[in-house]
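Have a look at the structure below before the remarks.
The values are calculated or read from the model by the stated rules, or taken from the named source; none is laboratory data. Computed from a predicted model, the values in this text were never measured in an experiment. Cβ: placed from backbone, ideal geometry, glycine included. Neighbour counts: every protein chain shown.
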Amino acid sequence: MTSERRFEGAFLGIEERDRWEYVTRVNARGVVVIIPLTRAGELIFVQQFRVPVNREVIEFPAGLVGDHDDPDEAMIVAAERELLEETGYKSQRLRWLTRCPSSPGMSDELLDFFLAEDAVQVGPGGGEGRENITVHKVPYDQVDAWLATQQRAGHTYDPKIYTALYWLERRGQLAAMLPGTTD
């Protein structure tokens, strides 16, 4: 099966294969999503305005791989870079969790999820360039209530938040990392 490029912009392209149109990235070779967890059991979220939905969105930190000076950038290096740029946090243990499509009916984009254990703040975060990122630190046991409050305030959140939390809980990883918990 061959694809035909129908459009190419600075960041995205539209491909067609077997009469199916889909979006592809032309400026990067992957996407990383980072799930930062502090030693105290707090999750670190970012909030920023997203043009396609015309509103503030709460997300885990994430970013493109290979879109800077190094087109061969390793996924884990991109995860470390994005975590620091967006949140000001570094992880004592960063590990890959899974890879999955972001929107398989619309895009060929694959996301690589990383768990950033024992995240510690070493800088201000907030993004780079025109990014205007707000960093939120939320105790794990208050995430649902906090997100509901944010949504009532007019913000929306990325559903990948709950996908990531599900994977962590199902794998038993989160319970072992939270203070005061046992296996």
Residue 87 being farther than 19 Å from residue 159 by Cα and either among the hydroxyl-bearing types (Ser, Thr, Tyr) or touching a Phe, Trp or Tyr at 6+ places or on another chain (Cβ under 6 Å) (or both): yes
Confirm whether residue 58 is in contact with a His (Cβ under 7 Å, 6 or more places away or on another chain), in a strand (DSSP E or B), among the aliphatic types (A, V, I, L, M) and surrounded by 15 or more Cβ atoms within 10 Å (Cβ to Cβ). yes
For residues that are acidic (Asp, Glu) and buried (at least 18 other Cβ atoms within 10 Å of the Cβ), tally how many sit in region 85-108. 2
Please work out which one of (1) farther than 15 Å from residue 37 by Cβ; (2) touching a Pro at 6+ places or on another chain (Cβ under 9 Å); (3) buried (at least 17 other Cβ atoms within 10 Å of the Cβ) is the condition residue 119 fails and give its number. (1)
Based on this model, can you work out whether residue 141 counts as at pLDDT below 95, acidic (Asp, Glu) and within 30 Å of residue 19 (Cβ to Cβ)? no
If I go through region 78-116 residue by residue, how many of them are within 12 Å of the chain's Cα centre (by Cα) and more than 15 Å from residue 33 (Cβ to Cβ)? 0
Looking only at strands (runs of 3 or more DSSP E) that fall completely inside region 8-49, which ones have 2 or more residues that are within 28 Å of residue 126 (Cβ to Cβ), modelled with pLDDT of 95 or more and among the hydrophobic types (A, V, I, L, M, F, W, C)? 30-36
